[in-house]
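Remarks on the structure that follows.
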Amino acid sequence: MTSGLLTTHISFLEALRGAGVPVSLAEDLDAIAAFSVLDWGDREAIRQGYAATLVKRHAQRPTFETLFDLYFPRLVGDGVATDGAVATSSTDGVSEGVSEGVSDGVSDGPAQLADLRMRLAEALASADHDALRQLAAEAVGRFGAMRGRGPGLSSWSAYTTLQRVSPQTLVDQVVSALLADGRVDDEARRTADRRVGAFAGLVEADARRRIAAEKGPDHVARVAVRPSIDRLDFTSARKADLAEMRREIYPLARRLAARMARERHAKRRGPLDFRRTVRASVSTGGVPLVTHHKPKRPHRPELVVLCDVSGSVASFAQFTLMLVYALHEQFVKVRAFTFVDQVHEVTDVFRPGTDLGEVMGGLAARTAQAALWGRTNYGRAFATFAAEHADALGPRTSLLILGDARSNYSDLGVDVLKELTEQTRHAYWLNPEHPRHWDTGDSAAGPYGAVVPMVECRNLAQLSDFVRDLR
């Protein structure tokens, strides 16, 4: 490696660590060893070499791809391709070999915009990925520059580019082309929406690349790269992030069910098998030196979920309802309740075989039924639950409460909550707020946490830690 390449390599690994992708020294050395047999002129080979040695989970791959494209860009400057070779960032943060082109001296008037949109519609219809990448670079170069940030410097905006190009308005054209190829209507529209979304991602990536060429990839990695999906806060998750989280939730749901199924005071042996014990004692003169026990019967617990769906935890509520959907198949019985200041049962929404989109739509329609006064009131919600749904709890039941414990200075109903938890086998509370915000303002995390173990749960990594630490 040259010194410049070594610097880029070290910076790339530090950026991965900063984005929540753990990279050990051993993995660093594995990557170096892999590169001793790889061709540095083949960018794709280098990408796969890094991925094979550094990425351990599928959820970390999008973050890896984003950062790899920053530190080893496919293009330099205004869109001069590196012909498959690896481009690296120089030590002063400006890409080597920056060229002038699309954004300087090229007209971006209505005629040029119409021509670009026509070519974009054709590329979207044919799913020409190479053409889409080139069009994304051209679109940012023509319409994404924001001048006036200093001599020779520009700031690049994916938002401005997408507003000018408006790829979402091309969906109908793409759908028509797909229908002509024999696609059915629903499938064609889903495909068109997916391709337009992918193009928007390419535009965002090119804007990041250009900013990195001016300010250095380290700057972009710190301020513009979203963390890996397992470390992304639920409260800042976008629609596409929720879809990715959905795939990660199912294995966590299975592990959570298995953990909750363990006995509170787990015994490694079942009840005494008297017949086998007496038979074995014959060889020791009738003295039962070794006892034999019957195998323990597997126990699948029941689950009751109380989910705060007030506005302050709206994004977290979407995640928790997805979690309930995933848990539904892992427990022998699940009853789900939403509340703001009133409790409303939504168990019937989670029917077997129901599409998650339909479930979330049904739950959104019922959110208003969980609010009588429109202000979160945990005390009233607990009292209502105790009065109307006490039969949901029992010695086989695990109670899971999901919410931020903010009750607008109303009666907390701690005694009612204590009575509810005493009827259950386990009780846990997942709180999406950082602990430094607990017991500030109207937060009642302290009083509730004294009754129910309260755990910070703002992302999938913390949910995984909660599942792992269950006893």
In this structure, does Glu204 turn out to be among the charged types (D, E, K, R) and over 30 Å from Thr320 (Cα atoms)? no
Among the candidates Asp348, Asp341, Asp308, residue that is modelled with pLDDT of 70 or more, more than 25 Å from Ser236 (Cβ to Cβ) and open to solvent by less than 40 Å² (accessible area, probe 1.4 Å): Asp341
Which of (1) closer than 16 Å to Phe234 by Cα; (2) open to solvent by less than 30 Å² (accessible area, probe 1.4 Å); (3) assigned to a helix (DSSP H, G or I) does Tyr448 not meet, given it meets every other one? (1)
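Okay, residues lined up against (1) in a helix (DSSP H, G or I); (2) touching a Gly at 6+ places or on another chain (Cβ under 6 Å); (3) among the hydroxyl-bearing types (Ser, Thr, Tyr); (4) surrounded by 13 or more Cβ atoms within 10 Å (Cβ to Cβ):
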| position | (1), (2), (3), (4) |
| --- | --- |
| Leu16 | yes, no, no, yes |
| Val21 | no, no, no, yes |
| Ala26 | yes, no, no, no |
| Ala31 | yes, no, no, yes |
| Val37 | no, no, no, no |
| Glu44 | yes, no, no, no |
| Ala52 | yes, no, no, no |
| Arg61 | yes, no, no, yes |
Can you confirm whether Leu400 is buried (at least 20 other Cβ atoms within 10 Å of the Cβ) and in contact (Cβ under 8 Å) with a residue 24 or more places away in the chain? yes
Any idea how many residues of the stretch 212-236 are open to solvent by 20 Å² or more (accessible area, probe 1.4 Å), within 18 Å of Pro62 (Cα to Cα), in a helix (DSSP H, G or I) and charged (D, E, K, R)? 3
In the stretch 127-137, residue farthest from Arg209 (Cα to Cα) [restricted to those that are touching a residue at least 24 places away in the same chain (Cβ under 8 Å) and open to solvent by 20 Å² or more (accessible area, probe 1.4 Å)]: Ala127
Lone unmet requirement of (1) open to solvent by 50 Å² or more (accessible area, probe 1.4 Å); (2) at pLDDT below 90 for Gly101: (1)
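Residues checked against (1) surrounded by 19 or more Cβ atoms within 10 Å (Cβ to Cβ); (2) at pLDDT 90 or above:
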position	(1), (2)
Asp415	no, yes
Leu420	yes, yes
Asp442	no, yes
Met454	yes, yes
Leu470	no, no
Which numbered condition Arg335 misses (of (1) under 24 Å from Leu460 (Cα atoms); (2) at pLDDT below 85; (3) of a type in the set (Lys, Arg)): (2)
Out of Asp193, Asp273, Asp206, I need the residue that is surrounded by 12 or more Cβ atoms within 10 Å (Cβ to Cβ), touching a His at 6+ places or on another chain (Cβ under 6 Å) and modelled with pLDDT of 80 or more. Which one? Asp273
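The values are calculated or read from the model by the stated rules, or taken from the named source; none is laboratory data. If you're wondering where the values come from, they're calculated on a predicted model, not measured in any experiment. Note that each Cβ is placed from the backbone with ideal geometry, even for glycine, and that neighbours are counted across all protein chains shown. All accessible areas refer to the heavy atoms of the entire protein, side chains included, with ligands and DNA or RNA removed. Shrake-Rupley method; radii C 1.70, N 1.55, O 1.52, S 1.80 Å.
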